[in-house]
1. Considering PHE315, PHE295, which residue is open to solvent by 10 Å² or more (accessible area, probe 1.4 Å) and either of a type in the set (A, V, I, L, M, F, W, C) or without any contact (Cβ under 8 Å) to a residue 40 or more places away in the chain (or both)?
2. Evaluate region 389-403: report whether one residue or more is farther than 26 Å from GLY58 by Cβ and not hydrophobic (A, V, I, L, M, F, W, C).
3. Pull up region 436-454, narrow it to residues that are touching an Asp or Glu at 6+ places or on another chain (Cβ under 9 Å) and open to solvent by 20 Å² or more (accessible area, probe 1.4 Å), then point me to the one that is farthest from VAL359 (Cα to Cα).
4. Can you tell me how many residues within region 491-527 are part of a loop (DSSP other than H, G, I, E, B) and open to solvent by 20 Å² or more (accessible area, probe 1.4 Å)?
5. Any residue in region 27-53 that is on the phi > 0 side of the Ramachandran plot sitting within a Cβ distance under 7 Å of a residue that is surrounded by 21 or more Cβ atoms within 10 Å (Cβ to Cβ) and assigned to a strand (DSSP E or B)? List the pairs, counting only those 6 or more apart or interchain.
6. Collect the residues in region 64-121 that are farther than 24 Å from LYS175 by Cα, of a type in the set (S, T, N, Q) and assigned to a loop (DSSP other than H, G, I, E, B), keeping them in residue-number order.
7. Kindly list, by first and then second residue, each pair from a residue in region 194-212 that is on the phi > 0 side of the Ramachandran plot to a residue that is of a type in the set (D, E, K, R), limited to pairs with Cβ atoms under 9 Å and residues at least 6 apart or on different chains.
8. Within the group THR459, THR466, which residue is open to solvent by less than 20 Å² (accessible area, probe 1.4 Å) and part of a loop (DSSP other than H, G, I, E, B)?
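The values are calculated or read from the model by the stated rules, or taken from the named source; none is laboratory data. Only a predicted model underlies this, so the values are computations on that prediction, with no experimental measurement involved. Cβ: placed from backbone, ideal geometry, glycine included. Neighbour counts: every protein chain shown. Ligands, DNA and RNA are excluded from the accessible area calculation, which covers all protein heavy atoms including side chains. Shrake-Rupley method; radii C 1.70, N 1.55, O 1.52, S 1.80 Å.
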Amino acid sequence: MRWVVRAFILAAFIGGIAWFHHVRTHRPTRVEEANKAGILLAGNGTEPATLDPQLASGQPEHMIFHALFEGLISPAPENPDGDAPGAAASWTHENFTIWTFKLQPNGKWSDGTPVTSADFLYAYERILTAALGADYSSMLYPLVNAEEYLTGKIKDFSQVGVKAPDPLTLQLTLKGPTPYLPSMIKHYAWFPVPKHAIEKHGKMTDRNTRWTRPANMVSNGAFKLKRWDVNQALEVERNPHYWDADTVKLNGIVFLPISSDNTEERAFHDGQLHLTLTMPLAKIPVYRESKSPFFHNDALLSVYMYRCNTKRKPFDNVLVRRALALAIDRESITRNILRAGQKPATGLTPPGSNPDYKVPNIMRFDPVEARRLLAEAGFPDGKGFPKFEILINTSESHRALAEAVQSMWREHLKIPAGVLNQDWGVYLESQRRFEYDLARFGWVGDYLDPSTFLSIWTTGDGNNNTGWGNPRYDELINQSFREGDPAKRLQMLSDAETILLNEAPMLPIYWYTRPHLIRPEVKGLLPSLLEHRCYKAVELRP
């Protein structure tokens, strides 16, 4: 017993020395250093393709733009899907059709130049100029004559429904009543852009000029660009000229492009990140069952699907596309692969866009009917069907799902699908150029209305990228922008979605949730159906 006691005392003494040595030699983690500096470290999925808000179309850019820019209306600090003053201090409307915005009297760009209504006129003319080639130009189609100007039917921009009666007043005139406009204009397609910075480095319609480089960039958000080390980090710092600068709590944000779910998770646990963008699929059940304080799984207004390139055979054949859709077991995918509360997509529009909207229940798993349709298309038992590829951007999750779908098509249709991986920017460009067979595509709602999911499939839309078009579909979408009766309008959208699902230029697979990791010292970063972030309300409290 005496020996045991002495041994214990000796072990405690040695252990104490080791602990003291550890304390003296412990190097703070990156997160610990960032906590002291007031810098948020955020995983951002992949390298942004652009920092020009009128040329972007992806999630990585969306997350950054909420820091750098601000639209007329901003995400509310207490509810990011709610409305708060942004570049506009107040707004009124007449029958939801004519909207008048009074700009912040002390609104400034990050170089100290005043933000005026002329900046919005310039931004809207720029995004609606066909030569720019903006994917999101159709987002402004609710404006009177916006589509006509983009397509060249009218040449005079003053005929478009946007006016600047004075430097601090902006008036928007819409085709019809649009009660969801405040939600819509929080999207970056409606943000102002700085004419004086853009045209210092090129013409209005020049793409990818140096105006978005750190030394040149001018923005109007709570933060300004500090550095952009491609494929390493993008850092923003407080904008002292921001109209609401006194309420901003963070000193900066570092966005880290980590495309691997597993690498991002390791970085989080190694003290390199405050929050991740995603999660490794295989580990989600472990986090859920252990009730990890880091694990969050937020509701999201979003759909995961595969685009079909209808300009390529055999995907120009609606029978082939419908066969592919019917041979996907969505229930098995959500239950056995995703395992984070995602729902099988029986239609395109996720539940939650409008409480009165009825999503057409068309997408189902029916391999017998799928084989019949494929035979009718000329490929009985898959015979003669050409080898094709599912295009994905770099992510373990996308690959796991693609391989599952690949297996289902091989089992039920006996057709040979491969999986092709590309980095984010190349992946986007392949779709714009129609250099793909099928492509993974995720769409987060841009505003709270079904049209955010349906309008992008009109003929020639910058986000369509399938080659598909249908005159009746286009007509219904256009009519919905003018219809003042809410019930009739929603019925038009439902009829349009029925056409879309029956012709299947895209194959909906599941409705998202957003599982991710976040450290407890991050306060004020609240869930959002639309993935809006009010960064000025975020703070770090270790």
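1. Working: PHE315 fails: open to solvent by 10 Å² or more (accessible area, probe 1.4 Å).
When all the criteria are applied, what remains is PHE295.
2. Start the filter on region 389-403 by keeping residues that are farther than 26 Å from GLY58 by Cβ, which leaves none.
The answer is no, given that none of the residues of region 389-403 is farther than 26 Å from GLY58 by Cβ and not hydrophobic (A, V, I, L, M, F, W, C).
3. Step by step, filter region 436-454, then rank; the result is ASP437.
4. Total satisfying the criteria: 6.
5. Pairs found: GLY38/LEU540.
6. Within region 64-121, GLN104, ASN106, SER110, THR113, THR116 meet the criteria.
7. Close Cβ pairs satisfying both conditions: GLY202/ARG210; ASN208/ASP52.
8. Numbers: THR459 fails: open to solvent by less than 20 Å² (accessible area, probe 1.4 Å).
After ruling out the rest, the residue left standing is THR466.
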